[in-house]
Amino acid sequence: TDDVIFRMFAAINTGGVRLTEHECRRAVFHGPYVEVLKTLTRGERFQRVVASPPKANADANISSEKFTSPDMEELVLRAMAFRRWREKKSRVSLAAFLNAEMRRVRELGGAADQRVELDRLRSEFEEVMRVAEEVFGSDGAFRRWSGTGTQRGGGGSWDSAVWPNLWDMMHAVLADVLFGAGSIDAERLVRAREPLVESLQRAFVVRTGAQQCKLGDMLKDTDRPALFERLRELIDDALAATKGDGSGFGTAVSSSSSAAFPGSSLSRIQYVLELKRQKGLCAICKTHITPDDIAADQIASAPNGGGLAHRACAIASATTNETTSTQRTLENSAKPPTS
């Protein structure tokens, strides 16, 4: 079988210059899939995002200073294979999983069927790369955020090199969003870049999500399912913050959406996400609050930590509470002292 041949190549690969796993894979699965991988690694966008010269990094991530052509081809293959990440069993090695992806295409049938599938994989890979670069930039795509805060707060920076597991699962998530069931228009995702970038950076800095852990803690092989779900949640929240989802949000957040409200540490993006959790309703009068209210700074915190509300409702509620408190004070002072 192919796996036996692959292991034989690896076993005899002891003298002279050692072949990498992917160089062995090239020999076993030579053909159109290998050529597609080579072509994609030569693309300008791939070169900008992955192969720009970063500083040396730990082995946990990929630095182009030690990047060879087979390494790049294997990275592209990982992006394609991990679109079916749910099929990877925990005990299956990465090499065997990547071999299975190449075998899957080779066993489709005739050359025409293989070509159709490879054309689809190539076009979808290129579109994911385009969207990732436009959203995160060539220096931020598929990288870990390090620091104490988000870029808006000047509290960190992107790592200089791609992290493999983040590369795998971000590709899987973006492909799922763009080409899976209920897919969305790519430009809508690009328009959501401000809340998405801020949310992703924040997820690396503070414990968030259902798992209540930092995103960097999930960059392990065993955490791929949790990483996929967390990345999908961040994207879904960013999309909800920029376009209507049935909760009263019908327009995009303005270009100044990262600016904080006067007298508040919350950004407009954070206001939108909090209002989404309130289903777009004022915490006091229970009527809808719209992005126009946000742009005009017509939102305030309801008294006693009751959530976000129309500023007029919050003022009226605070005034009512103050009047009630004053009345009670007067009533108490009018009572005769007890003996």
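Figures for the structure shown
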read-out: Qualifying trypsin sites (Lys or Arg not before Pro) for segment 64-143 [loop in DSSP, other Cβ within 10 Å: at most 16]; value: Lys89, Arg91
read-out: Per-residue SASA entry for Trp145, accessible area with 1.4 Å probe, Å² rounded to 10; value: 10 Å²
read-out: Size descriptor, Kirkwood hydrodynamic radius, that averages inverse alpha-carbon separations across segment 85-131, Å; value: 12.2 Å
read-out: By accessible area with a 1.4 Å probe, ligands and nucleic acids excluded, highest first: order of Asp223, Asp139; value: Asp139, Asp223
read-out: Size descriptor, Kirkwood hydrodynamic radius, that averages inverse alpha-carbon separations across segment 74-163, Å; value: 15.5 Å
read-out: Where His22, His310 fall by accessible area, highest first, once all protein chains stay in place (1.4 Å); value: His310, His22
read-out: For segment 145-199: rounded, prolate or oblate by the Cα gyration tensor [a/c cutoff 1.5]; value: oblate
read-out: In segment 97-183, GluC sites (Glu not before Pro) in a DSSP loop with at most 11 other beta-carbon atoms within 10 Å; value: Glu107
read-out: Probe 1.4 Å, all protein chains present, accessible-area order of Ile315, Ile184, Ile284, Ile235, largest first; value: Ile315, Ile284, Ile184, Ile235
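The values are calculated or read from the model by the stated rules, or taken from the named source; none is laboratory data. From a predicted model like this one, the values you see are computed outputs, not experimental measurements. Neighbour counts are summed over all protein chains in view; Cβ atoms, including those assigned to glycine, are modelled from backbone coordinates with ideal geometry. Heavy atoms of the whole protein, side chains included, go into the accessibility calculation; ligands, DNA and RNA do not. Shrake-Rupley method; radii C 1.70, N 1.55, O 1.52, S 1.80 Å.
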